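As structure tokens, the structure follows; a few thoughts come after it.
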Amino acid sequence: MSAIIFPAQPEQILKGLGKLWTSLGEEEKHQGRPTVLRACAMTLIVATDEADAGFAASQTISELMHEHPARGIVLAVSPDAENDLQARVLAQCWKPFGKAQQICCEQIEITAKPGNWQNAAPTLAGLTAADLPVIFWCRHQGALKKDASAADRGGLEAIAKLATKLIVDTRGMQAADGIALLLKWKGEGKLVADLEWTRLTQWREPLAHIFDNAALENSLSGFHSLEIEHTEDKPGMQALYLAGWLSGPYHAEVTFRKATGYGPDIQRVSFRSDTAVIEFERTSAECVTLWSSTGRERKYSFAEASITALMTEELAVAGYDPAFNAALERARELLE
Amino acid sequence: MQDSLRFARRVPPCAIVIFGASGDLSKRKLLPSLYRLFYERRISQNFAVIGSSRTPMSDDQFRDRMKESVSKFLEDAPFDEDIWKSFAQCLFYVAGDLSEEDSYEHLKTKLDEVEKSHQTAGNVLFYLSTQPSYYAEAIKKLGAHQLQKGNGWRRVIIEKPFGHDLASARKLNEEIHKVLDEADVYRIDHYLGKETVQNILAFRFGNGIFEPLWNRRYVDNVQITAAESIGVEGRGAYYQEAGALRDMIQNHLSQVMATVAMEPPTVFDAANVRDERAKLLRAVRVVKPDDVAKYAVAGQYGPANVGGQNLPGFREEPSVKPDAQTDTYAAVTFFIDNWRWADVPFYIRTGKRLPKRVTDIAIQFHAPPLGLFSQETKGGLREARPNLLVLRIQPEEGISLRFLSKSPGSGMRVRPVSMDFNYGSSFGERTPTAYETLLVDAMAGDPTLYTRQDMVDASWQIVQPILDVWGNTKFDFPNYAAGTWGPQASDEMLARQGHVWRVP
């Protein structure tokens, strides 16, 4: 671990990383066998405007490294920063159970004084790992807002240009704003992902399994009516995505309804054909129940997925996600 | 007494005369390299260095200055006071102006003294590390004072730039050949002395598995990148006249391209290796003036804030004209018209104030014929052509091979992974600097890594049409901000061929 803080010049940071690996390698010399394995499958850039100066983002990165080793870069904002942009480098290491060798990933923390994070893109451009995907996870909610300042938006776009895939969490955003932002990036040829879509996996997976049932197989086109109950005044991103996903292929008629229930977002989904009904409902804070007219009833545990779990799932999708992209397009149509 | 397996190559006794001994190259590269060679006993015990420049200095003053430089600029090696004392006994100095006849007489006298005191056997290696405009005159005067002949061999190392265009390079060659045989001329291109550049030959011709893939059938395109994050660093006046195309592509990078693309030599010796390099350079298609805009892009950096630091644009650098038309970035598409490489684009780019300092060669292989995993790989061209072999020249010398691999878990998800060979960690020992390698080669009479007249001629021929067109073009500079990967036109040049620049 290195606590040395220096101005965020790419050359200095890369030299810092070099020294870091050299120091980790010293241990190998003493032990006379390989003790450290350097792992990197991508560059993961996380920009955040949270008040903890990037602490939570760093923590999440360290948890993600086990499944998705990466050069992690946290870009945070702090009024306590000594320079406009400053950096430090460290290694995230862990020892897999039963193994003698540590696996280490490098992490760079860049801290900006308020009003300076927007200038980080040229530094980041010099720090991406060669020939591997660059994932940009934007936790900077200020820059994602529709009324973000031109400087914040410019800073966001400059970093987005470096990335092969952009991940945002549109929870709490107006659906129209979230969809517009994602479609804009998609139009620019970027791979996009939304953690609100990732949260739907626990809804989508059981629903998809219903159609494995022999009685319903090949009957999806007959489901012409879809009703989604949600807790917000207007359907949020999750409701729109789910509607887009379920109604997309055959353009089922969609109805949204406001309801009260357990926790935020979607409470109940009802999907109908002339001969069958599927209903999926939150029946307690930690449970959803699925009924189908084939006589099936099953309860599933339901828990709010942690950000680490959502990111782990999202980072596993390295390329184009056809289901999400189709749902996004359909969500836009539904919004209109 | 010799043991070629265990002893370093034997280098004969000699004296090295450095013209321009008070210059930056001597201080930063030449003397530290010579000290290191001395430290490692890789040069003869009968050895001497005679520095020469206009600055009046005694031998001792020269030694003191060089001690300061060597201790400061020695790379990855300790400075040993005792070894320095021995080394310093081999350092001498002759003050003089290259245009004055007396200087050569003083030098001759000093050489005679050193030949006796240090038993250098009359062998002399002259190193022209002066302003390029002095090269022809210095060589002419070496001849006039009979310094090109002696009891032993006489060789001349000439630093780049070798001419400022095709005509001046040819003229300089003519002047040199009036005094010296081509065999005694060592045109240095320090890139060829780098371990990884030499390793290209070992990699290609020492292994059986790569060479069968090394052709148009398997290779989609080749990208050579030499990026610097720094600006002109006080060299504004020189750089303003040179530009990136002259400074890097005409010499270093065209030689690197020749090393990557040349045919295997029948024998690994200087003549055969250089023949193949020259042949390759002659096969490079010379772009027509009308096509220059299509195949070449010039750029110049503008000001930017990088890492909280405000960096000036090129035109704001000291000694640079406010309306300078100099290319601080150049990207060129070359085609090699031979059976091996027909229609394979070789993209070469170089520039200052790019995001990081990196030099590498990327061999991009074709995509598999059928995209079985296309759903996962739809995210852009780089993933569509997953196989990439990267020969890293600096800063971390090594080789990487990228390929797709299945992600652990159920389902056939694939993602790019990289298999790396790192020079430092595989061999552990310190690699010699390019100048150490090249100086030893010149002393040993091995010109394999030096450029020959026909190679210089051919490399000027391929850039001359671009220089001519750019010289008559008024560019709308600056066209890229410091800290970015160059102008948009460079991306468009590749897009026209269906390619994208990789991010090194």
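The share of alpha-carbon pairs in chain B lying farther apart than 38 Å comes to 30%. Taking the longest Cα principal axis of chain B as reference, the axis of helix B:453-471 is set at about 60 degrees. For the pair B:Leu401 and A:Ala326, label points projected 7 Å from Cα toward Cβ lie 3.8 nm apart.
Assign one of three labels to region A:264-336, namely rounded, prolate or oblate, based on the Cα gyration tensor with a ≥ b ≥ c the square roots of its eigenvalues; rounded applies when a/c is under 1.5, prolate when it is not and a/b is larger than b/c, and oblate otherwise. Display every interim value, and only then the final one.
On the way: a/c = 2.05, a/b = 1.27, b/c = 1.61.
Taking the square roots of the gyration eigenvalues as a ≥ b ≥ c, region A:264-336 is oblate.
Mean per-residue shielding of peptide B:411-422 is 3, counting Cβ atoms of other chains within 10 Å of each Cβ.
Enter the mean number of other protein chain beta carbons within 10 Å of the beta carbon of each residue in A:130-139, as an integer. Write out the running numbers ahead of the final one.
On the way: counts 15, 13, 8, 6, 1, 0, 0, 0, 0, 0.
Neighbouring Cβ atoms belonging to other protein chains average 4 per residue here.
Taking packing as the residue-averaged number of other Cβ atoms within 10 angstrom, the listed peptides B:96-104, A:314-322 run from highest to lowest as A:314-322, B:96-104. Dipole size of region B:262-369 about its Cα centre, with +1 on Lys/Arg Cβ and -1 on Asp/Glu Cβ: approximately 180 debye, rounded to the nearest 20. Report summary: the helix-based calculation at 222 nm, which adds -39500 (n - 2.57) for every DSSP H run with n ≥ 4 and divides by the residues of chain A, gives -10000 deg cm²/dmol. No disulfide-compatible partner, judged by a Cβ distance under 4.7 Å, exists for the following cysteines of chain A: A:Cys40, A:Cys105, A:Cys138, A:Cys287. Take the Cα radius of gyration of region A:168-230 and divide it by 2.2 N^0.38 Å, N being the number of residues; the result is 1.46.
Listed highest first by mean packing, meaning other Cβ atoms within 10 Å per residue, what order do B:354-365, B:250-261 come in?
Details: B:354-365: 23.0, B:250-261: 25.5.
For the peptides B:354-365, B:250-261, the packing ranking is B:250-261, B:354-365.
Site pair B:Glu492 and A:Ala316 shows an inter-label distance of 4.4 nm when each label is modelled 7 Å from Cα along Cα→Cβ. Count Lys and Arg as plus one, Asp and Glu as minus one, and take only other residues whose Cβ is under 13 Å from that of A:Glu157; the net charge is then +2.
In the protein assembly as shown, one over the average inverse separation of all distinct C-alpha pairs is 30.4 Å, which is the Kirkwood hydrodynamic radius.
How large is the direction-averaged shadow of the alpha-carbon convex hull of region B:157-212, in nm²? Result: a mean projected hull area of 5.6 nm². Peptides B:485-497, B:179-191 ranked from most to least packed give B:179-191, B:485-497, packing being the mean of other C-beta atoms within 10 angstrom over each peptide's residues. Taken over region B:185-273, the alpha-carbon convex hull comes to 135 cubic angstrom per residue.
Extension gain, B:Glu263 to B:Asp291: 0.36 nm times the residue separation minus the Cα-Cα distance gives 7.3 nm. Efficiency by 1/(1 + (r/R0)^6): what FRET value for B:Gln394 and B:Glu211, r their Cβ-Cβ distance, R0 = 30 Å, to the nearest 0.05? E(calc), rounded to 0.05, equals 0.75. Per-residue mean of foreign Cβ neighbours for B:475-486 is 2 (Cβ atoms of other chains, 10 Å radius). Note on region A:192-257: the C-alpha convex hull projects to 4.9 nm² when averaged across all orientations. Inter-label distance, A:Ser149 to A:Ala285: 4.0 nm, where each label sits 7 Å from its Cα along the C-beta direction.
Estimated from the Cβ-Cβ distance and a Förster radius of 22 angstrom, the FRET efficiency linking B:Gln119 and B:Gln89 is about 0.95. Placing one equal scatterer on every Cα of region A:96-175 and applying the Debye formula, the log10 ratio I(q)/I(0) at q = 0.13, 0.18, 0.20 Å⁻¹ is -0.51, -0.84, -0.97. Helices in chain B, meaning DSSP H runs of at least 4 residues, each add -39500 (n - 2.57). Divided by all residues, the mean residue ellipticity at 222 nm is -10000 deg cm²/dmol. FRET efficiency for the pair B:Arg28 and A:His224, taken as 1/(1 + (r/R0)^6) with r the Cβ-Cβ distance and R0 = 60 Å, rounds to 0.20.
A short reminder: the numbers here are calculations on the coordinates, not readings from a lab. Model, not experiment: these values are computed from the prediction. With ideal geometry, Cβ positions are generated from the backbone for all residues, glycine too; neighbour counts draw on all protein chains shown.
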